[in-house]
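Undergrad: Attaching a single structure in structure tokens format; questions to follow.
The values are calculated or read from the model by the stated rules, or taken from the named source; none is laboratory data. All values reported here derive from a predicted model rather than from experimental measurement. Here the Cβ is made from the backbone with ideal geometry for all residues, glycine too, and neighbour counts use every protein chain on show. Heavy atoms of the whole protein, side chains included, go into the accessibility calculation; ligands, DNA and RNA do not. Shrake-Rupley method; radii C 1.70, N 1.55, O 1.52, S 1.80 Å.
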Amino acid sequence: MVVLNNTNFRPLFFFLTGIPGLRAAQVWISIPFCLLYAIALTGNSMVLFVILREQSLHEPMYYFLSMLSATDLSLSLCTLSTTLGVFWFEAREINLNACIAQMFFLHGFTFMESGVLLAMAFDRFVAICNPLRYTTVLTHARIAQIGMSMLIRNVAVMLPVVLFVRRLSFCRSMILSHSYCYHVDLIQLSCTDNRINSILGLIALFSTTGFDCPCILLSYVLIIRSVLNIASSEGRQKAFNTCISHISAVAIFYIPLISLSLVHRYGHSAPPFVHTIMANVFLLIPPVLNPIIYSVKTKQIRKAVVKILTQKRHRF
């Protein structure tokens, strides 16, 4: 048995997988994937551009929305090249360093999205439960601190994961289960003890999404309690309307994440292509739907987009 690790002079390569069992139809399957990537990149770029350009949108809520769009844009770019490369050009080879780099950014931006959703929940909590202190609590400096703390947290939890993956040796099949590098998928190919890697992965998961999700739920419990104390039904409806977009963003992030975890745990009898498609859908749904939801549900964003598009049409 040949053992390969990062100390060998020969570069170590892995082979990415498209849709198992549907290889002949991969070119056709790639069309909706390509369209979803195009929507994600265009939609999030548009939201970022609108928020940066429109002075009226330079408020805490939209700063957090710009963080969400930047994260979704980065998450899409992380997997775009390898996914479409596998589908279109059968470019399946990826070396260990590139695989680890993709894994770092993929998981890092996923955890970043969870953190941004928590920050947006805090924003809604302050806006509804303590509106008089909104501008004094969420200052520009405080928003920058929140953004930096999320970035530092992600680097801190992912750095040990990456360092310990570098220490693994590989001697089994080099075929990965997805069209991108996923931590659990990668360490399962190791022929050395990977218990530390599994523990570090769980620590990273529970210290990010495992912490953020209960905090988001708690914030909405407090928000609902505060909204129910509002005397007028019109006031209650207005308060709830300000949360609809964020609740939708939370749902489209956590529901696919939980569904994918359940399928991996209990869906062993499901065909392999089900796992692969769900894994790709999990990464694409939030970047695709978030800009659409916020553009439709947020009047200020919608008006700003229409204004910019109208101005461009008049120029031509």
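Undergrad: Can you name the number of the only condition in (1) β-branched (V, I, T); (2) surrounded by 21 or more Cβ atoms within 10 Å (Cβ to Cβ); (3) more than 21 Å from the chain's Cα centre (by Cα) that V116 fails?
TA: Of the numbered conditions (1) β-branched (V, I, T); (2) surrounded by 21 or more Cβ atoms within 10 Å (Cβ to Cβ); (3) more than 21 Å from the chain's Cα centre (by Cα), the odd one out for V116 is (3).
Undergrad: Looking at the stretch 150-189, which of the residues that are over 16 Å from F105 (Cα atoms) and touching a Phe, Trp or Tyr at 6+ places or on another chain (Cβ under 6 Å) is surrounded by the most Cβ atoms within 10 Å (Cβ to Cβ)?
TA: Checking each candidate, the answer is L176.
Yes/no per residue for (1) touching a residue at least 40 places away in the same chain (Cβ under 8 Å); (2) in contact with a helix residue (DSSP H, G or I) (Cβ under 8 Å, 6 or more places away or on another chain); (3) buried (at least 17 other Cβ atoms within 10 Å of the Cβ); (4) in a loop (DSSP other than H, G, I, E, B):
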site: D193; (1), (2), (3), (4): no, no, no, yes
site: I199; (1), (2), (3), (4): no, no, no, no
site: A204; (1), (2), (3), (4): yes, yes, yes, no
site: C215; (1), (2), (3), (4): yes, yes, no, no
site: S219; (1), (2), (3), (4): yes, yes, yes, no
site: S226; (1), (2), (3), (4): yes, yes, no, no
site: I230; (1), (2), (3), (4): no, yes, no, yes
site: G235; (1), (2), (3), (4): no, no, no, no
site: A239; (1), (2), (3), (4): yes, yes, yes, no
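Undergrad: Next up: Quick one: which residue in I94, I100 is within 21 Å of the chain's Cα centre (by Cα) and either surrounded by fewer than 18 Cβ atoms within 10 Å (Cβ to Cβ) or of a type outside the set (S, T, Y) (or both)?
TA: Matching residue, one of I94, I100: I100.
Undergrad: Going by what's in this entry, would T83 be described as touching a residue at least 60 places away in the same chain (Cβ under 8 Å), of a type in the set (S, T, Y) and out of contact with any strand residue (DSSP E or B) (no Cβ under 7 Å at 6 or more places or on another chain)?
TA: Yes, satisfied.
Undergrad: Would you mind telling me which numbered condition in (1) at pLDDT 75 or above; (2) open to solvent by less than 60 Å² (accessible area, probe 1.4 Å) V263 fails?
TA: Among (1) at pLDDT 75 or above; (2) open to solvent by less than 60 Å² (accessible area, probe 1.4 Å), the lone unmet condition for V263 is (1).
Undergrad: Would you please list the contacts, defined by Cβ atoms under 6 Å and residues six or more apart or on different chains, that run from a residue in the stretch 251-262 that is part of a helix (DSSP H, G or I) to a residue that is surrounded by 14 or more Cβ atoms within 10 Å (Cβ to Cβ) and not aliphatic (A, V, I, L, M)?
TA: I252/P286; F253/P286; P256/F282; L260/F282
Undergrad: Scan the stretch 126-149 for residues that are within 24 Å of N229 (Cα to Cα), open to solvent by 60 Å² or more (accessible area, probe 1.4 Å) and not polar (S, T, N, Q) and jot them down.
TA: P131, L132, R133
Undergrad: Moving on. From the list A270, A304, pick out the single residue that is surrounded by 15 or more Cβ atoms within 10 Å (Cβ to Cβ) and in contact with a helix residue (DSSP H, G or I) (Cβ under 8 Å, 6 or more places away or on another chain).
TA: Checking each option against the conditions leaves just A304.
Undergrad: Keeping to the stretch 95-107, report how many residues are touching a Cys at 6+ places or on another chain (Cβ under 7 Å) and within 27 Å of A24 (Cα to Cα).
TA: Of the residues in that region, 2 qualify.
Undergrad: Only one of these is modelled with pLDDT of 95 or more and in a helix (DSSP H, G or I): L84, L118, L80, L52. Name it.
TA: None of the others qualify; the one that does is L118.
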